[in-house]
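Chemist: First the structure, which I've put down as structure tokens, then a few questions once you've had a look.
The values are calculated or read from the model by the stated rules, or taken from the named source; none is laboratory data. Here the structure is a predicted model, which is why all the values come from computation and not from measurement. Here the Cβ positions follow ideal geometry from the backbone for every residue, glycine too, while neighbour counts run over all protein chains shown.
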Amino acid sequence: MNITLLLRSPGTGYSIESLVAGIGQELAREPDCTVRVVPMPYVSRGIRSVWQNLRFVARLTRTSPADVYHITGDVHYLALVLPPSRTVLTIHDAITLHQNRHRPVRWLIFWLLWFYWPIRRAAVVTAVSDKTRQELRRYVGRRADAVVVVPNAPDPIFQYSPRPFRSKYPVLLQLGTAPHKNLPRLIDALTGLRCRLVLVGPLSPGLREQLNRCQIDYVSYTDLSQQAVFQLYTSCDIVTFVSVYEGFGMPILEANAVGRVVITADWQPMRSVAADAALVVDPVDVAAIRAGIVRLMTDEAYRNERIEAGLQNANRYSAAQMARDYRTVYTSIGSGNCR
């Protein structure tokens, strides 16, 4: 079976690329599977770039046909030019609809091009969590009833890497700086604590001003390779992930796999993904976030319990199991079999 994985343009992020790496590496081991990863040439910013990506994929289907086309990331609209009977669409979240709920024209464009029409055309639609599936049910109605939940798994590069905890001046790692990542409340919670905050993602002038005003010791990075992100995990003590919106919550599992304690939101889907392998707090309560971080800094027994539970939790979301789940989807619509 020939499988083409279609994903967003490089540089947009790294979590989707992690998912694709896991699928590709596992399926490539199967003798009857050929996997090709095709990133889009243009970032989806405006109708022009969307049209250019559509033309690119339309040409691809003519020159290099595949048994199955699998769309991941924020390029759902590619389903409009792919053969419906051979298209799998994975939806990670509905954040574009959430963010534009007060902008009716933009909301309608995203609803049509990213959700309603692609869901109608794809042979199989998968979601990375039940929370995302429920959102799709709310936005597109009964057409989402057939959505299959296939949980994400961390990239195999994230391996257990123990290190002594720096209790006097711990390093906190925060993946993502978009508004829904809840950085302003996290910064307020860290004010006055002896620690360093490592941020991955671009910082707005407002965030920089707040970091400086609150006298946070911080360093920020952008455009990192997956290997560089893994190195940040291994060099940190605590992973912070108190997001107010997620489709899944990959940093939780990445922290679990590496052996780092994590604090996350007591909201779905983070609560389900973390199970008992993280300290969960109300993400809109700054005092609760601060108390949780202080506990992870000071309570060694509790911290070690969460790390041990995290290693077990990471094993529940293996790349091999994710690939098997997608392989089942592929064989249900493809012309061949992966044995």
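Chemist: Thr240 passes all but one of (1) within 27 Å of Thr177 (Cβ to Cβ); (2) in a helix (DSSP H, G or I); (3) polar (S, T, N, Q); which number fails?
Modeler: Answer for Thr240: the failing condition is (2).
Chemist: Within the range 149-205, count every residue that is part of a helix (DSSP H, G or I) and aromatic (Phe, Trp, Tyr). Walk me through how you get there before you give the answer.
Modeler: Taking the range 149-205 and keeping what is part of a helix (DSSP H, G or I), we get 179-181, 183-190, 205.
Restricting the remaining residues to those that are aromatic (Phe, Trp, Tyr) gives none.
Residues meeting the conditions: 0.
Chemist: Checking the structure you have, find out if any residue of the range 108-118 is in a loop (DSSP other than H, G, I, E, B) and either buried (at least 16 other Cβ atoms within 10 Å of the Cβ) or free of Cβ contacts under 8 Å to residues at least 60 places away in the same chain (or both). It would help to see each step written out before you state the result.
Modeler: The first filter runs over the range 108-118 and keeps only residues in a loop (DSSP other than H, G, I, E, B), leaving none.
Checked the range 108-118: no residue is in a loop (DSSP other than H, G, I, E, B) and either buried (at least 16 other Cβ atoms within 10 Å of the Cβ) or free of Cβ contacts under 8 Å to residues at least 60 places away in the same chain (or both).
Chemist: Would you please list the contacts, defined by Cβ atoms under 6 Å and residues six or more apart or on different chains, that run from a residue in the range 192-215 that is assigned by TED's automatic domain parsing to the domain that holds Val229 to a residue that is charged (D, E, K, R)?
Modeler: Going by the 6 Å Cβ cut-off, the qualifying pairs are Arg196/Asp217.
Chemist: Quick check on the range 127-134. Is at least one of its residues assigned by TED's automatic domain parsing to the domain that holds Ile71 and in a strand (DSSP E or B)? Walk me through how you get there before you give the answer.
Modeler: Here is the first cut: in the range 127-134, the ones assigned by TED's automatic domain parsing to the domain that holds Ile71 are 127-134.
Now narrow it down to the ones that are in a strand (DSSP E or B): 127.
Yes, the range 127-134 contains at least one residue that is assigned by TED's automatic domain parsing to the domain that holds Ile71 and in a strand (DSSP E or B).
Chemist: Condition test on His102, is it surrounded by fewer than 16 Cβ atoms within 10 Å (Cβ to Cβ) and in a loop (DSSP other than H, G, I, E, B)? Don't jump to the end; show me each part of the working.
Modeler: Working: surrounded by fewer than 16 Cβ atoms within 10 Å (Cβ to Cβ): yes; in a loop (DSSP other than H, G, I, E, B): yes.
In short, yes.
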